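Here is the structure we will look at, set down as structure tokens.
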Amino acid sequence: MSPDPLRTGGRRWGWLALLLVLVVAGWGILTRLQTRSALAGIARDAALPRVNVVLPSADHEGGTLQLPANIEAWADAPIHARANGYLRRWLVDIGDRVRRGQLLAEIEAPEVTQQIAQARAQLAASETAEQLAQSTAARWKSMLATDSVARQDVDEKVADAAAKHSDLAAARANLNRLSQLGDFQRIRAPFDGVITARGTDIGALVTAGSGAGAGQELFRIQDVSRLRVYVNVPQGFAPAIKVGDPAVLRISELPGKMFPVRVASIAGALDPVSRTLLTQLELDNGGARIRPGSYGEVAFDLAAGGGGLRLPANCLLFRSEGLSIARVDDMGKVELRQVTLGRDFGKEVEVVQGLAAGDRVIINPPDSIESGMVVRVATGS
């Protein structure tokens, strides 16, 4: 019996349909598995911390070091009384410019005036007594030549004349002392400058001296023709600053203006607390454009470094074991390295040890970062 062609054809189509169903099902399962694997990879990547990195730059161009500065007068002196009394008058006030030796005020001291008059009278008496003693000694010496008097009496007259001469010298010295004390009743300027404070008024009781418990400050005078500018240079930059180096001073109240200054002197030791070197600069203040007591900024031009590398300051990690950075290798693995810093440029720091030119360093690394962690570098870093 021959096979039925219709039945045979139906079986073939059935097998083909089953095969097609199996292929479609397999393709769907494979696609789902691939999608699931891709999603798992994306999830793993998304779980990795994203970091931004930076490459260190070579320090070939040097830089500018800007430091806060305190500006002081070239000379600053408080004026105190040297005699006790009452202020009779004052001749200058704050803001007045004075010359050296100019009269600032006068003190009325009746006691000193009376003491000077007494000393003059005592000097006149001493001069008379000394003249009498000298003439007496001369006469007794002449009488001794004729043996009219005893030598003992002559020696007594000569000794009395010498004592009277000493009394005269003491009287002159006392009068000179009181005269100088009388001169102290006139307050004079010790140097050219400007009056920046007046702490007394007419009729005020003033006492001599300037220490604790002594009289108050009558005036304050400052020489503003030149100024002293003080900056504290960090230890890392101290070797780069030399006497005679030029710099530029800027004052925020005078925008756009730069004042040339020069290093005048450098302290011989660092401050053990701040690890800074006190540096004094000089400024010619012609026209009194800058007032003492102002705050400014001094900019030093620094020479190129000695082969160090620069990094942004926000790349540093402050750990108990010291300063560190976090570098990332090509596989995204983190390695913490301890570094040694050189100069501090504010936003950037110089790294002299522990960093290579091609290292990718994490910017703003989290405190929890550790060596061996795997991270994902942000695109464009």
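Listing for the model above:
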quantity: Flag for LEU218 being of a type in the set (A, V, I, L, M), under 30 Å from ASP93 (Cβ atoms) and in contact with a helix residue (DSSP H, G or I) (Cβ under 7 Å, 6 or more places away or on another chain); calculated: no
quantity: Meets criteria (open to solvent by less than 20 Å² (accessible area, probe 1.4 Å) and touching a residue at least 40 places away in the same chain (Cβ under 8 Å)) for PHE300; calculated: yes
quantity: So GLY296, is it within 30 Å of ILE195 (Cα to Cα) and in a strand (DSSP E or B); calculated: yes
quantity: Subset of the stretch 337-375 [closer than 22 Å to SER320 by Cβ, β-branched (Val, Ile, Thr) and open to solvent by less than 30 Å² (accessible area, probe 1.4 Å)]; calculated: VAL339, VAL349, VAL351, VAL361, ILE362, ILE369
quantity: Residue in the stretch 263-273 that is within 17 Å of the chain's Cα centre (by Cα) and among the acidic types (Asp, Glu) present; calculated: yes
quantity: So GLU106, is it among the acidic types (Asp, Glu) and open to solvent by less than 60 Å² (accessible area, probe 1.4 Å); calculated: yes
quantity: Whichever residue in the stretch 175-193 is assigned to a helix (DSSP H, G or I) and of a type in the set (Gly, Ala, Ser) and, among such residues, is modelled with the highest pLDDT; calculated: SER179
quantity: Identity of the residue in the stretch 279-293, at pLDDT 90 or above and among the charged types (D, E, K, R), that ends up farthest from ILE195 (Cα to Cα); calculated: GLU282
quantity: Qualifying residue in the stretch 283-291 (condition: open to solvent by 80 Å² or more (accessible area, probe 1.4 Å) and not in a strand (DSSP E or B)); calculated: yes
quantity: Every residue from the stretch 239-264 that is outside any strand (DSSP E or B) and open to solvent by 20 Å² or more (accessible area, probe 1.4 Å); calculated: PRO239, ALA240, LYS242, VAL243, GLY244, ASP245, SER252, GLU253, LEU254, PRO255, GLY256, LYS257
quantity: Residues satisfying the stated conditions in the stretch 76-103, i.e. under 28 Å from LEU227 (Cα atoms), over 33 Å from the mean Cα position of the chain (by Cα) and open to solvent by 40 Å² or more (accessible area, probe 1.4 Å); calculated: TRP90, LEU91, GLN102
quantity: Of the criteria (1) over 30 Å from THR207 (Cα atoms); (2) exposed (fewer than 13 other Cβ atoms within 10 Å of the Cβ); (3) at pLDDT below 85, which one GLN114 fails; calculated: (1)
quantity: Residue in the stretch 303-333 that is modelled with the highest pLDDT, counting only those that are farther than 15 Å from VAL54 by Cβ and open to solvent by less than 20 Å² (accessible area, probe 1.4 Å); calculated: SER324
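Residue by residue, here is whether (1) within 16 Å of HIS80 (Cβ to Cβ); (2) assigned to a helix (DSSP H, G or I); (3) open to solvent by 30 Å² or more (accessible area, probe 1.4 Å) holds:
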residue: ALA162; (1), (2), (3): no, yes, yes
residue: SER166; (1), (2), (3): no, yes, yes
residue: ARG172; (1), (2), (3): no, yes, yes
residue: ILE195; (1), (2), (3): yes, no, no
residue: GLY203; (1), (2), (3): no, no, yes
residue: GLU217; (1), (2), (3): yes, no, yes
residue: ARG220; (1), (2), (3): yes, no, yes
residue: ARG228; (1), (2), (3): no, no, yes
residue: VAL231; (1), (2), (3): no, no, no
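Okay, residues lined up against (1) at pLDDT 90 or above; (2) among the polar types (S, T, N, Q):
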| residue | (1), (2) |
| --- | --- |
| ARG36 | no, no |
| ILE42 | no, no |
| ASN70 | yes, yes |
| TRP74 | yes, no |
| ILE79 | yes, no |
| ASN84 | no, yes |
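The values are calculated or read from the model by the stated rules, or taken from the named source; none is laboratory data. Here the structure is a predicted model, which means the values were calculated and not measured. Here the Cβ is made from the backbone with ideal geometry for all residues, glycine too, and neighbour counts use every protein chain on show. The area values use the complete protein model at the heavy-atom level, side chains included, leaving out ligands, DNA and RNA. Shrake-Rupley method; radii C 1.70, N 1.55, O 1.52, S 1.80 Å.
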